[in-house]
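Encoded as structure tokens, the structure appears first; notes follow it.
The values are calculated or read from the model by the stated rules, or taken from the named source; none is laboratory data. Note that the structure is a prediction, hence the values are computed from the model and not measured. Note that we place each Cβ from the backbone using ideal geometry, even for glycine, and neighbour counts take in every protein chain shown. These area figures cover heavy atoms from the full protein model, side chains too; ligands, DNA and RNA do not enter into them. Shrake-Rupley method; radii C 1.70, N 1.55, O 1.52, S 1.80 Å.
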Amino acid sequence: MEQMRADLHVHVDGAINKENIINALKKAERDGCKKFCLLEHNNLNVLEPICEIIKEGSLRDYYSGELFLGCEYDNIIDAHHQNSDGSCYDGFVSHILVYMPFEDALKLKQDKILHARNKMADYAADYKKLMERIDELGDIPKPTMEELISQETPHIVKDLQKWVTSDRNRRIAYLDALQTVPRVIDYPSDFIRNLAQNPNGKLFYKPEGVPYSSELLKIIRTETPEAKVILAHPAWMQASFNMENYLETMMSLDEKVGQKAFDGIEVCYYLNSKEEQDFLEKYATERNLLQTAGSDSIKVDGEMYYMHKGEKFFFVPEFGNAMGTAFDMGNIEVMPDGDKNVIHTVKGGSPLVVESQLFEDIKVDENEAKEILNAKQPKETKEMGM
């Protein structure tokens, strides 16, 4: 079957506004992405500027490919499944991508179903739980909530990690109390996965407002039955899990959900090595699962970095292009820039591609979307020509 370049996993950080969305659409057009989705963690706020662009009738002025609406949901695994090696991943955080029809996305956002969290209220509740766990560790320094918030990351455990490591004495005190290796303290991702996502960890807690996997999947299957539910970046999750066991665990959720939990997996991902990519393609093909692709880009412009053999290589994201397989295939050119190694070009290798028919039934149809939006306007507003 024909394949085409795609990027179904792009985040726009900061202010979600029409200008940012237009810039992203233009960049997707320049990069040759034929299927494209902008999404955020745990919200559908990107829908508002997209609706604004559609109302103006200008979507095709910026992007000629197929546009999709979706969301990346954090969730706590509750599969109650034991893998062949005896491991169980209950209590760990997973990421699930949900792509939905335009009208369903409007309804989910309007009804505030699984898209909006009261961040400060949730943060306060999480802070209280964390302080209780820190009390159990003994007489060690405790941050105020204001000190944590001042770290300005989107996750309370990242804030705690920054606060702990910003002072040598605090770092030593926590290392001693947690009885852990220095890396777990020094790397935010390790700190989060080992302390906040491990039910056996000394600082484990369930974040306020983050649903359990089965709870999330049941709601999605009920509220938007046509949605495509995709397990995000299984290879990247190997930092916490064995990839094959992780896939087995998540696919076992069929039983708890009462129907098929996942329609597919994110096979093409910008960090995947060629070996990981080949494994995931084979896994999805053998189980008749949809295969999606995503760069997980964080910004429309600006640098990301790729870790390769312990070194950082910086690059400006190109929608629809991967780094991991490009390294494996030798399709990159690295240019030193001061103390940084910068990926200057990716020489035509490692595109993120999907089947041409993927998600055809849920793509945004601009004409249909206009009709839906016009039908939702109050009668007096339409009569005024607004």
(message) Please report the antiparallel percentage of the DSSP beta bridges confined to segment 261-353, to the nearest 5.
(response) 65 percent
(message) Between helix 366-376 and the chain, what is the angle of the helix's C-alpha long axis to the longest principal axis, kept within 0 to 90° and rounded to the nearest 10?
(response) 80 degrees
(request) Using only alpha carbon pairs under 8 Å that are at least six residues apart, calculate the relative contact order of the chain and give it in whole percent. (result) 21 percent
(message) Skipping prolines and chain starts, which residues have an amide H placed within reach, meaning under 5 Å, of the one on residue 341, given they are 5 or more residues away or on another chain?
(response) 314
(request) Restricting to the chain, compute how many DSSP beta bridges are antiparallel as a %, nearest 5. (result) 60 percent
(request) State the answer as a single residue: which of 57, 44, 141 lies farthest towards the positive end of the charge dipole of segment 43-148, with beta carbon charges of +1 for Lys and Arg and -1 for Asp and Glu, about the Cα centre. (result) 57
(request) Place a +1 charge on the Cβ of each Lys and Arg in the chain and a -1 charge on the Cβ of each Asp and Glu, then give the dipole magnitude about the Cα centre in debye, rounded to the nearest 20. (result) 480 debye
(request) Scan around residue 267 for amide H atoms under 5 Å from its own, H built in the peptide plane at 1.01 Å from N, and keep only partners 5 or more places away or cross-chain. (result) 292
(message) Using a Förster radius of 30 Å, what is the FRET efficiency between residue 309 and residue 355 based on their Cβ-Cβ separation? Nearest 0.05, please.
(response) 0.35
(request) Take every Cα-Cα distance within segment 97-175, group them into 10 Å bins from 0 onward, and report for each bin the whole-number percent of pairs it holds. (result) 16, 37, 21, 16, 9, 1
(request) Under 24 Å Cα to Cα from residue 274, which lysines show up? Leave out anything in the same chain fewer than 8 places away. (result) 34, 35, 282, 309, 312, 347
(request) Give me the net charge of residue 141's neighbourhood, meaning all other residues with Cβ under 13 Å from the Cβ of residue 141; Lys, Arg count +1, Asp, Glu -1. (result) -1
(request) Take the Cβ-Cβ distance between residue 103 and residue 183 as r, set R0 to 51 Å, and report the resulting FRET efficiency rounded to the nearest 0.05. (result) 0.60
(request) Give the residues of segment 28-58 whose amide nitrogen is closer than 13 Å to a point set 7 Å from the Cα of residue 110 in the direction of its Cβ. (result) none
(request) Would you kindly derive the ³J(HN,Hα) couplings of segment 170-184 from the backbone phi angles with the Karplus curve 6.51 cos²θ - 1.76 cosθ + 1.60 (θ = phi - 60°), listing them in order in whole Hz, with x for Gly and Pro? (result) 5, 4, 4, 4, 6, 4, 5, 5, 7, 6, 10, 7, x, 4, 4
(request) Using per-residue counts of other Cβ atoms within 10 Å, averaged over each peptide, order 101-108, 81-88 from highest down. (result) 101-108, 81-88
(message) Among (1) 1.03; (2) 0.98; (3) 0.91, only one was calculated for this model; which label is it, if the read-out is Cα Rg over 2.2 N^0.38 Å?
(response) (1)
(request) For residue 334, enumerate residues with amide H under 5 Å from its amide H, sequence gap 5+ or separate chain, H modeled in the peptide plane. (result) 344
(request) Take each of the peptides 50-63, 187-200, 267-280, average the number of other beta-carbon atoms within 10 Å over its residues, and list them starting from the highest. (result) 267-280, 187-200, 50-63
(request) Treating the angle as unsigned and between 0 and 90°, give the value, to the nearest 10°, between the Cα long axis of helix 274-286 and the longest Cα principal axis of the chain. (result) 60 degrees
(request) Give the residue from 249, 374, 184 lying farthest towards the positive end of the charge dipole for the chain; charges sit on Cβ (+1 for Lys and Arg, -1 for Asp and Glu) and the dipole is referred to the Cα centre. (result) 184
(request) Calculate what fraction, in whole %, of the accessible area of the chain sits on carbon and sulfur atoms when a 1.4 Å probe is rolled over the protein chains. (result) 46 percent
(request) Write down the radius of gyration of segment 13-124 and its Dmax, each obtained from C-alpha positions, in Å. (result) 17.3, 56
(request) Report the extension gain between residue 252 and residue 340 in nm, rounded to one decimal, defined as 0.36 nm multiplied by the number of residues separating them, less their alpha carbon distance. (result) 27.4 nm
(message) What distance in nm separates the two pseudo spin-label positions at residue 131 and residue 370, each 7 Å out from Cα along the beta-carbon direction?
(response) 5.5 nm
(request) At a temperature of 10 °C and a viscosity of 1.306 mPa s, determine how fast segment 213-262 diffuses translationally according to Stokes-Einstein, using the Kirkwood radius over alpha-carbon pairs as Rh; express D in µm²/s, rounded to the nearest whole number. (result) 138 µm²/s
(message) What's the ranking of 90-99, 326-335, 127-136, 201-210 by average number of surrounding C-beta atoms within 10 Å, highest first?
(response) 90-99, 201-210, 326-335, 127-136
(request) Using the heavy atoms of the protein chains and a 1.4 angstrom probe, tell me the accessible area per residue for the chain in square angstrom. (result) 47 Å²
(message) What does DSSP give for segment 1-148 in terms of the percent of beta bridges that are antiparallel, rounded to the nearest 5?
(response) 50 percent
